[in-house]
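K.L.:
Below are the structure tokens for one structure; questions will follow.
The values are calculated or read from the model by the stated rules, or taken from the named source; none is laboratory data. Just so it is clear, the model here is predicted, and its values are computed rather than measured. Don't worry about glycine lacking a Cβ; one is built from the backbone with ideal geometry, like all the others, and counts go over all protein chains shown.
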Amino acid sequence: MAKERVLVLCSGGLNSAVTATIASREHTLAMLHVQFGHRAAAKEAELFEQQAEFYSAAEKLVVELPHLAQIGGNGRVSRKLQIEDARALGEGKSNGYIPGLIGTLLDVGFSWASVIGATKVYLGVSEDLGPPGPRTSGIYPDYSREYVELCKHAFEVASPAKPISIETPLIDLSRTEIVKLGNRLGTPFELTWSCISSNSEPCGGCVGCATRNRGFLDAAIPDPILCDASHAEAERQAAPA
């Protein structure tokens, strides 16, 4: 019997890769990546292509959303705004927050899912990735269960004849729990990127980097991205002047 087709929103990041791993165990994948002029766009696009190959995606789509960069107002797309260190953040507004991003991603996913016959849209958000930053939904309100539930209702209203659900398998998990789950399921961590500040080397301080580093550390699992960076740095230092 043919597997059910589902759509996975894939940023190229750790959470969405683990989400793709979960979805791939029982379903045929359509993988969707969105570019919006953000700092890590080139790296994420590169890794998305590698992830799509790894998961043998039946279909893949890259969508450009330049209006998010045109609107600006956040450090992800504007270098005039600094992306704060995770340890300096409290509950409330963060320069890393893009108002409307998750809703926009889900709308694009809904449109494509409707066309290709996908019955589910997988989204890798977590309400609380854990320390060293504050509660994730406190700085990114659209990562909250409440917001996702409202989007689910919108999907139901918009597609009553052919229901399309939103699946958030990581919503209750910390970054450590996500790393452990991904490791157990065989997620290719070496094909993921978490830094929202850089295309080249992890900054180490942004929410993406800080929670990733802590997640791997607490899970007692080596992060292949940091291992590769350390190896490259050692080679640079050992190279003759």
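K.L.:
Please work out which one of (1) in contact (Cβ under 8 Å) with a residue 40 or more places away in the chain; (2) assigned to a helix (DSSP H, G or I) is the condition Arg39 fails and give its number.
P.N.:
(2) is the only condition that Arg39 fails.
K.L.:
Still on this structure: Could you grab me the full set of residues in segment 92-128 that are charged (D, E, K, R) and either without any contact (Cβ under 8 Å) to a residue 40 or more places away in the chain or in contact with a Lys or Arg (Cβ under 7 Å, 6 or more places away or on another chain) (or both)?
P.N.:
Asp107, Glu127, Asp128
K.L.:
A further question follows. Can you find, within segment 184-206, the residue that is surrounded by the fewest Cβ atoms within 10 Å (Cβ to Cβ) among those that are among the hydroxyl-bearing types (Ser, Thr, Tyr) and closer than 15 Å to Arg39 by Cβ?
P.N.:
Ser200
K.L.:
Report, by residue number, each residue of segment 206-237 that is outside any helix (DSSP H, G or I) and either modelled with pLDDT under 95 or among the hydrophobic types (A, V, I, L, M, F, W, C) (or both). Steps first, answer last, please.
P.N.:
Initial filter on segment 206-237 (outside any helix (DSSP H, G or I)): 206, 220-223.
Cys206, Ala220, Ile221, listed by residue number.
K.L.:
Let me ask another. Report, ordered by the first and then the second residue, all pairs with beta carbons closer than 6 Å, sequence separation of six or more or different chains, a first member in segment 152-170 that is in contact (Cβ under 8 Å) with a residue 60 or more places away in the chain and surrounded by 13 or more Cβ atoms within 10 Å (Cβ to Cβ), and a second member that is basic (Lys, Arg) and outside any loop (DSSP other than H, G, I, E, B).
P.N.:
The qualifying pairs are Ile166/Lys152; Glu167/Lys120.
K.L.:
Taking the residues in segment 126-151 that are assigned to a loop (DSSP other than H, G, I, E, B), touching a Ser or Thr at 6+ places or on another chain (Cβ under 6 Å) and not small (Gly, Ala, Ser) as candidates, determine which candidate is surrounded by the fewest Cβ atoms within 10 Å (Cβ to Cβ).
P.N.:
Checked segment 126-151; the qualifying residue surrounded by the fewest Cβ atoms within 10 Å (Cβ to Cβ) is Asp128.
K.L.:
Looking at Arg145, Arg212, Arg135, Arg184, can you tell me which residue is charged (D, E, K, R) and in contact (Cβ under 8 Å) with a residue 60 or more places away in the chain?
P.N.:
Going through Arg145, Arg212, Arg135, Arg184 in turn, just one is charged (D, E, K, R) and in contact (Cβ under 8 Å) with a residue 60 or more places away in the chain: Arg212.
K.L.:
I'd like to verify a number: residues in segment 68-90 that are touching a residue at least 12 places away in the same chain (Cβ under 8 Å) and either closer than 23 Å to Ser16 by Cα or assigned to a loop (DSSP other than H, G, I, E, B) (or both), how many?
P.N.:
16
K.L.:
So Tyr97 ticks every box in (1) in contact with a Phe, Trp or Tyr (Cβ under 6 Å, 6 or more places away or on another chain); (2) surrounded by 21 or more Cβ atoms within 10 Å (Cβ to Cβ) but one. Which box is left unticked?
P.N.:
(2)
K.L.:
Looking at (1) within 13 Å of the chain's Cα centre (by Cα); (2) in a helix (DSSP H, G or I); (3) over 18 Å from Glu44 (Cα atoms), which is the only condition Arg184 fails?
P.N.:
Here Arg184 clears every test but (1).
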